[in-house]
Amino acid sequence: MSSNAKAKRNDGTGLVDIDPWLEPYSDALRRRHSKYVAVRKNIEEHAGSLAKMSRGHEYFGFNRGEREGVKGVWYREWAPGAEQLTLIGSFNNWDRGAHLLQRDEFGVWSIFLPDTEYANSFTHGSHVKVHVLSKIEPMDRIPAYIKLVEYDKETHNFTGIYWNPPVPFAWQNEPPTLASGLRVYEAHVGMAQEEPRVGTYDEFRENVLPRVAASGYNALQLMAIQEHPYYGSFGYHVSNFFAASSRFGTPHDLKRLIDTAHGMGLLVLLDLIHSHSVKNLFDGLNLFDGTPNQYFHPGGRGEHPNWDSKLFDYGKWEVQRFLLSNVRFWLDEYRFDGYRFDGVTSMLYHHHGNKAFTCYDDYLNHDVDDDALVYVQLANEVVKETNPKAITIAEEVSGMVGLARPVCEGGLGFDYRLAMGIPDYWIKLLKERSDEDWSMGEMFRTLTNRRHGEKHIAYAESHDQALVGDKTLAFWLMDADMYWHMNLESRNPIIDRGIALHKMIRLITFTLGGEGYLNFIGNEFGHPEWVDFPREGNGFSCKHARRQWSLVDNELLRYKHLAAFDLAMQKLDIEHRILEDPILGEINIDEEQKVLICHRGPLVFAFNFHPNRSYEGYRLGTPEVFDYQLVLNTDTSLFGGFSSVPEHQIYPHQKEQCHGRESSVQIYLPARTAQVLAPLRP
């Protein structure tokens, strides 16, 4: 590597080496990187290091410590606009005048509770709040760094809990090492049980974790963990950022879930919400010190136009400390193995992504929130400094330049970007076009259209596609027929088509869409209908906020076929490491025949999307001059197909040119089926 190349990387233009089209934007990349360097330098000068900056939770909130040699509990709160803070709780009978906090020059309030006076009254499990006097009416608030919050069904209020168990949780298992491509199982603890009610961490650990481990996925992504007052928000309107949602159980219960998952070989990722915060006053951060600009931007800039929520001021010191500490906290305290960062597009732009992106100016020069972008870089650096093996995934739809490249190159530091255009493509295709009008070329281009050198997580559907008002892919394909014709004896053409295409859509997404893969809980077996959380509009019903495991467990129903196929698909990566293989290419695309032949690494994938035309003796060019063996066939009876092709079929190579290849094989390719071929190397 030349010295010039090294110099370019040091000034944030390393991305140009990957994408030469960025050369005219070198100055913009330098400006972007210099902003990050300046903010990080300021942190290091005033906090000592980024690591120390990210330990705010060890100072703020409730922490064991001492004063003048006496042990006890410190409580500290940043509230610069407040006139007075008073600690109240069960330990002092909620007396709003007894325990006043003292303010320092930076607006940090504190009080020390010595063990000599409070060892028997302020204990693990004590209920606490802080009474805030400010320019608005006096309020009892929940401390910002609180680690547990409980909901009182009688008063309908949330209350802080001092969580300091006398016996710390004893971890039993080390996190596993990722040995193949990242295959993520996205899940929600509360809706993971079959009964129409809110499930618990313990029930998920006992009933669902074994299913996830047995399904071939190597990572579990948990939604709705950070405390949120409204269950129906799916966990995205967070009120208490350091608190694990108590509606599912205790912090120990969550740790036991994560520890057990590690023992089963599963990484555990947290769906982290730093893109916005709930507006609530009594259980959130809004107007905490009586001013509109403590944690959030004042005025319209602090209001999300689509989400009815508050937007953080990422350029403010204490906001950075709060959020960066939150990043570190979940890795240290709960041993999460990384994050899916929610709403990154909304964070990065003043317009929150509500526009079309047509050129690099839209990513580098127009309407970019520089403070948010630097915060994202800092957050990713904190993750890597805390746990170098931790994984970060960005929910980002704009295609921000360098999103999944290292910060040292001028990137934002994520490991993966969610390929959010792929599920939108499938829904649009199913809604608007019949099978005969599907374009094979468009399909291939859509699935492979991603920034070079940046890893993506592909998925056919996630929780977003199944929310109320929409429905799962299985339901788009089969709709009401799923209620009556999913039994083994039924040969319903709608069900046959739906099962065939469900497998093919997922396989081609898995094959071409990225360097990782994601599935939402239950969709691997074609979970029907949609997701709808209890709310006034549905009579507060949990009917659609649960998972019907009995469907896949029933040997007389065809859901088991889709589950078996999904497991076989995961094994393709386990055995052949295809998700990480950069070799991906087209072999043949035939619009009239509705055939798409491609390869990923050593494997050849043959898709026939034609609704009724099968091809006997179909010749396809092969990347290598070997015989090929059939290693996966969507049409086998195990997967609900017709077994038109014998299992483990061997296709002898022929020295006959085809599709620009020196060697070829001939296969039988039935309608609406796909085959995966592996070379039989000596």
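Points to keep in mind about this one:
- Cα principal axis extents for the chain, largest first, Å: 88, 63, 45
- Under the criterion of Cα pairs below 8 Å and six or more residues apart, the relative contact order for the chain equals 11 percent.
- Summed residue charge, Cβ within 9 Å of residue 664's Cβ, Lys/Arg positive, Asp/Glu negative: +1
- In this calculation the C-beta distance from residue 121 to residue 550 is compared with R0 = 41 Å, giving a FRET efficiency of 0.25.
- Cβ-Cβ FRET estimate between residue 490 and residue 332, R0 fixed at 56 Å, reported to 0.05: 0.60
- Highest-first arrangement of 122-133, 107-118, 523-534, where packing means the average Cβ count within 10 Å: 523-534, 122-133, 107-118
- Under a model in which nothing but the beta-carbon of Lys, Arg (+1) and Asp, Glu (-1) is charged, the chain shows a dipole of about 660 debye around its Cα centre.
- Largest-first principal axis extents of the Cα set of segment 17-175 (Å): 66, 49, 42
- Length gained when the stretch residue 31-residue 68 is fully extended (0.36 nm per residue, less Cα-Cα span): 8.6 nm
- Cα-projected label distance for residue 304 with residue 538, points at 7 Å along beta-carbon direction, nm: 2.0 nm
- Charge dipole (the chain, unit charges on Cβ, about Cα centre) - positive-most of 531, 659, 550: 659
- Ranked by how many other beta carbons lie within 10 Å on average, peptides 338-348, 590-600 from highest: 338-348, 590-600
- Under 15 Å, Cβ to Cβ, from residue 68 - net charge with Lys/Arg +1 and Asp/Glu -1: -1
- Pairs of Cα atoms farther than 20 Å apart, segment 256-333, %: 43 percent
- Averaging the Cα positions of each part gives two centres, and for segment 549-628 and segment 385-448 these lie 21 Å apart.
- Alpha-carbon centroid distance for the pair segment 156-195 / segment 25-63, whole angstrom: 29 Å
- Counted over the chain, the DSSP beta bridges are approximately 70% antiparallel.
- Fraction of accessible area attributable to carbon and sulfur, the chain (%, probe 1.4 Å): 49 percent
- Put simply, the amide H of residue 467, placed in the peptide plane, has neighbours under 5 Å in 531, leaving out anything fewer than 5 places away on its chain.
- Percent of alpha-carbon pairs separated by more than 17 Å within segment 569-622: 43 percent
- Remark: the residue 281-residue 643 segment gains 124.3 nm on full extension, using 0.36 nm per residue and subtracting the alpha carbon distance.
- The charge dipole of segment 279-348, taken about its Cα centre with unit charges on the Cβ of Lys, Arg, Asp and Glu (plus for the first two, minus for the last two), comes to roughly 140 debye.
- Descending by average beta-carbon neighbour count within 10 Å, the peptides 175-188, 625-638 line up as 175-188, 625-638, the highest first.
- The base-10 log of I(q)/I(0) for segment 371-420, evaluated at q = 0.19, 0.25 Å⁻¹, reads -0.55, -0.93 [Debye formula, identical scatterers on Cα atoms, solvent excluded].
- Set of segment 664-682 residues, backbone N closer than 20 Å to the point 7 Å along the Cα-Cβ line of residue 497: 670-674
- Segment 312-397: proportion of alpha-carbon pairs further apart than 15 angstrom, %: 60 percent
- Cleavage-rule hits, trypsin sites (Lys or Arg not before Pro), segment 353-450, DSSP coil, Cβ neighbours within 10 Å at most 13: 355, 389, 433
- Computed E for residue 100/residue 44 - FRET, C-beta separation, R0 30 angstrom, nearest 0.05: 0.30
- Among residues other than residue 652 with Cβ under 14 Å from its Cβ, the summed charge is -1 (Lys and Arg +1, Asp and Glu -1).
- Taking the centroid of alpha carbons for each part, segment 316-347 and segment 458-485 are 32 Å apart.
- Heavy-atom accessible surface of the chain, averaged per residue, reaches 39 Å², computed with a 1.4 Å probe.
- Rounded to 5, the percent of DSSP beta bridges in segment 207-351 classed as antiparallel: 40 percent
- Unit charges at the beta carbon, dipole of the chain: most positive-side option, 634, 351, 320: 320
- Calculated on alpha-carbon atoms, Rg and Dmax of segment 1-106 in Å: 23.5, 70
The values are calculated or read from the model by the stated rules, or taken from the named source; none is laboratory data. Because the structure is a prediction, the values reported are computed rather than measured. Reconstructed Cβ throughout: ideal geometry from the backbone, glycine too, with neighbour counts over all protein chains shown. Accessible surface areas use protein heavy atoms only, side chains included; no ligands, DNA or RNA. Shrake-Rupley method; radii C 1.70, N 1.55, O 1.52, S 1.80 Å.
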